[in-house]
Amino acid sequence: MSIHFKTAKDYIKRSPFQTLAAVFVLTLTFFVATLVSILTYSSSKVLRYFETRPQVIAFLKDGVSTEVVVALQDRLLADVRIKEVKYVSKEDALSIYKKATSDNPLLGELVSPTIFPASLEFSVKNLSFAQAVIDEVKAENIVDSVGFTAALGGESELKNVVGRLRTITAYVRIGGAIFTGILAMASFMVILFTISMRMTTRRDEVEILNLIGATKKFIRGPIIIESLIYAGGGVLIGWTVAFIAVLYSAPGVLSYFGEIPVLPKNTFDLLSVFGIILGFEIIFGFLLAYSGSVIAISRVKKAR
Amino acid sequence: MVKFKNVTKRYGEVLALEKASFEVSKGEFIFITGPSGAGKTTILKLILGEMLADSGEIEVDGVNIANVNERDIPIYRQKIGTVFQDFKVLPERTVAENVEVALAVIGLPQDDWDQRVKHVLKLVGLINQIGLFPAQLSGGELQRVSLARALIVNPKLLLADEPTGNLDWQTSDSIMQIFEKINKEGKTIMMATHNQEILKKYKKRVIHLESGRITK
């Protein structure tokens, strides 16, 4: 074991409560950071889900030939702004209607397929494209009218839903970032305080090392390693606890949200998401510990 | 090995050293004597690069200290062994670890430590105390640890600041015998002391200071 690691280990062993306090605060920070990251991921997925649901229905005129409909469908499919184009025939429309009114079969029996127009349903990749696409589709000869956001029952409602989701997502992101930022600052202060105390108790040792020709790097080594151990411990424990909590709650969350993909459904994708979060947290944790310890060390610089 | 040319050092209004000039040859063993506050420790601190002279020139092994960049001071110090009156050993490290730290500082591979540590601890008579902590050692033994740490890096110059100041005569004498032995092996030694018994027994060249001035 390198002398720096051995020294850092000895410092940690000599002051277990200081170590526990530092690791606890860092654990809390990275536990919250992991949960905020997952919440941000999930809220983005929910927003994306609603943004990309079938939003536009082009009702076709009666008597239009299949070839002409297929040609329009192909043109829409080729449009980079549009995705998931689906043809709904008169019969399909009737069965959807019947399904929707299944609690009152009489309503279904009173209508025939002829009263329902065939339609092309599609979604736009980004809501900002919606108006332009609607205008273009309206101009098609075979299109009788264009309905927007039929899936949620009206244009204004979908806008409201998406708007509300955007607001919630923004709150999650901003609120999460602020909360994580406050905890990160607390962690930074704890590292600064712990390392400053360490430097104060090590003043004599630093002086001796200076006199026998130790470089700054040599003197700083064990102290920086000590803070990196705190950060590494905090990241790993915080991340692991958050990971277990998410794994434990995943089945309930997934079943509650149904088809909305708030969490990756397969294990590999879930692990990938958590792996990316862990990677960022390790980098951030080490930066936090390194900068905190370097600042603490620089406070006890000795002038020549 | 060491050249002082008209070196002056002040601490504010207090004159610690005034136009001091002397030379120490390679392999020489000299005593720096004088009453407390005469400037003995100042000379050693100047040589170690702990502070810079206000005027004059200090040359150690051909290097003018004033020209050594602050970043290079640690490398410069690694060539000098220092023994202190208050030992300056690391209290939470064993005898072996106290000595090893000097090897770590110069960047010697860890595989080469064991043999060197045992050799130098044998030289200073501490081989049986290798695993003990400073709290378990006597004053004389602590000074030997300090000496072993200074010697292990094979320095060209050994500075000793009142190394026997806290020790009884018998212990001081045994420490001095080790210094003699080291000097005979070719090391240059500059020792600050006001121990008259040592000066009488070990006849070496003396630089005597009075209020910052070299008087003989």
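Can you tell me which residue in region A:171-209 is modelled with the lowest pLDDT, limited to those that are within 14 Å of chain B (Cβ to nearest Cβ) and in contact with a helix residue (DSSP H, G or I) (Cβ under 7 Å, 6 or more places away or on another chain)? Step by step, filter region A:171-209, then rank; the result is A:198.
Against the test of being within 14 Å of chain A (Cβ to nearest Cβ) and under 18 Å from residue B:188 (Cβ atoms), the options B:52, B:48 yield a single qualifying residue, B:48. Counting the residues of region A:52-105 that are polar (S, T, N, Q) and modelled with pLDDT under 80 gives 5.
Do we find a residue being polar (S, T, N, Q) and either within 20 Å of residue A:207 (Cβ to Cβ) or within 14 Å of chain A (Cβ to nearest Cβ) (or both) anywhere in region B:8-31?
Applying the first criterion (polar (S, T, N, Q)) to region B:8-31 yields B:8, B:21, B:25.
In the following step, the residues that additionally are either within 20 Å of residue A:207 (Cβ to Cβ) or within 14 Å of chain A (Cβ to nearest Cβ) (or both) were identified as none.
No, every residue in region B:8-31 fails to be polar (S, T, N, Q) and either within 20 Å of residue A:207 (Cβ to Cβ) or within 14 Å of chain A (Cβ to nearest Cβ) (or both).
With respect to (1) outside any helix (DSSP H, G or I); (2) under 15 Å from residue B:88 (Cβ atoms); (3) in contact with a Leu (Cβ under 6 Å, 6 or more places away or on another chain), the lone exception for residue B:144 is condition (1).
Screening region B:86-100 for residues that are more than 17 Å from the chain's Cα centre (by Cα) and β-branched (Val, Ile, Thr) and picking the one that is farthest from the other protein chains (Cβ to nearest Cβ) gives B:95. Output the residues belonging to region B:57-80 that are buried (at least 21 other Cβ atoms within 10 Å of the Cβ) and within 7 Å of chain A (Cβ to nearest Cβ). Selection gives B:74, B:77.
Considering only region A:193-212, state which residues are within 15 Å of residue A:14 (Cβ to Cβ) and either assigned to a helix (DSSP H, G or I) or hydroxyl-bearing (Ser, Thr, Tyr) (or both). Before the answer, list the steps.
Of region A:193-212, the ones within 15 Å of residue A:14 (Cβ to Cβ) are A:194-195, A:197-202, A:204-205.
Result: A:194, A:195, A:197, A:198, A:199, A:200, A:201, A:204, A:205.
No other residue among A:242, A:250 is assigned to a helix (DSSP H, G or I), modelled with pLDDT of 90 or more and in the same structural domain as residue A:30 (by TED's automatic domain parsing) apart from A:242. Here residue A:218 passes the criteria (1) away from chain B (no Cβ under 14 Å); (2) among the aromatic types (Phe, Trp, Tyr); (3) more than 27 Å from residue A:20 (Cβ to Cβ) except the one numbered (1). Every condition in (1) closer than 25 Å to residue B:10 by Cα; (2) within 14 Å of chain A (Cβ to nearest Cβ); (3) touching a residue at least 40 places away in the same chain (Cβ under 8 Å); (4) surrounded by fewer than 16 Cβ atoms within 10 Å (Cβ to Cβ) is met by residue B:83 except one, and the failing one is (4).
The values are calculated or read from the model by the stated rules, or taken from the named source; none is laboratory data. Everything numeric in this text was worked out from a predicted model, so none of it was measured. Cβ atoms come from the backbone with ideal geometry, glycine included; neighbour counts cover every protein chain shown.
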